[in-house]
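The values are calculated or read from the model by the stated rules, or taken from the named source; none is laboratory data. In this text the structure is predicted, and so the values were computed from the model without any measurement. Here the Cβ is made from the backbone with ideal geometry for all residues, glycine too, and neighbour counts use every protein chain on show. Remember, those area values only see protein heavy atoms, side chains included, never the ligands or the DNA or RNA. Shrake-Rupley method; radii C 1.70, N 1.55, O 1.52, S 1.80 Å.
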Amino acid sequence: MEVRRTAINILTILISGIYMASPFLCLRTSRKWGALAAILVLWLPIEFSLFRMIGVTQTNAIVIGMAAGILAFRSRPDLLNVTAAFDLRRVSFRDAAVHFAWFSAIGLPLGFAIGFIHPAARRPSVEGIALLLAGILFFNALPEEILFRGIIQDSLESVTKSRFASLIATALIFGMAHLNNGPPLPNYRYFVMATLAGIAYGLAWGRNKNVLTSTITHTLVNAVWRLFLR
């Protein structure tokens with residue numbers, strides 16, 4: 001039993017190491033397709049919960065993915081300016097609030113109209129709210145903003161030279177990433193809402209290209225959904 005547990009631990013460390021090295025190798029192998037390959041090897045194992053097969057929780061997998069992405073793209077400042085993306089001096093609470101309000105004004109009526117959201121009957125405690133916000137911020141909003149805005153939208157903007165095209169394309173990709181959040185599958189209502197949210201997050205990110213700004217907007221949207229809706 002002990003030998004089997006040791007073997008599993010070694011396998012987990014080995015696979016995690018390969019996963020963390022893969023995006024870096026993709027970026028160094030090809031300047032043209034390296035960014036796309038790095039994004040896919042970072043995102044797909046987490047999206048399809050493949051780490052669970054080796055006993056790694058989804059939360060730990062997200063942390064590993066964030067670390068791998070930041071370390072890999074730090075070697076390519078032409079694709080991701082890590083310093084600017086996480087610069088606390090460039091965080092705009094005004095942009096975060098404005099685009100949260102923008103999404104709320106459109107998203108709430110739309111969500112009720114298509115039957116995606118409904119009022120929630122229960123209210124969590126103050127302690128529950130604090131834990132919920134921390135969980136959303138660190139394990140949901142921040143990882144997704146690093147990937148979709150910090151890496152994908154920034155890379156597309158560099159390639160297309162169009163802020164609008166990269167904004168819409170990234171929002172659509174973000175929407176498609178939520179199609180498998182069912183039931184039902186595919187979840188087209190989730191796709192519509194996530195795409196609209198992706199536009200709001202992309203706009204919040206866009207002026208300063210600061211991931212923390214869009215993370216605040218993302219956290220606010222998800223918090224309202226989890227606290228007051230279902």
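Accessible area per residue for the range 98-142, computed on protein heavy atoms with a 1.4 Å probe, is 61 Å².
Taken along the Cα-to-beta-carbon direction at a fixed 7 Å, the label points for residue 122 and residue 59 span 1.8 nm. Within the range 1-96, the chymotrypsin sites (Phe, Trp or Tyr not before Pro) that combine a DSSP coil assignment with at most 12 other C-beta atoms in a 10 angstrom radius are 33, 48. A crude spin-label estimate for the pair residue 67 and residue 21, with each label 7 Å from Cα along the Cβ direction, gives 1.6 nm.
For the range 1-65, trypsin sites (Lys or Arg not before Pro) meeting the loop criterion (DSSP other than H, G, I, E, B) and having at most 16 other Cβ atoms within 10 Å: 31, 32.
In this rough spin-label picture, where each label sits 7 Å from Cα along the Cβ direction, the residue 83-residue 33 distance is 3.3 nm. To the nearest 10, the accessible area of residue 78 is 80 Å² with a 1.4 Å probe. One decimal place: the segment residue 165-residue 129 gains 9.3 nm when fully extended, by the rule 0.36 nm per residue minus the C-alpha distance. Think of it as helices only: each DSSP H run of n ≥ 4 in the chain is worth -39500 (n - 2.57), and spread over all residues that comes to -22000 deg cm²/dmol at 222 nm.
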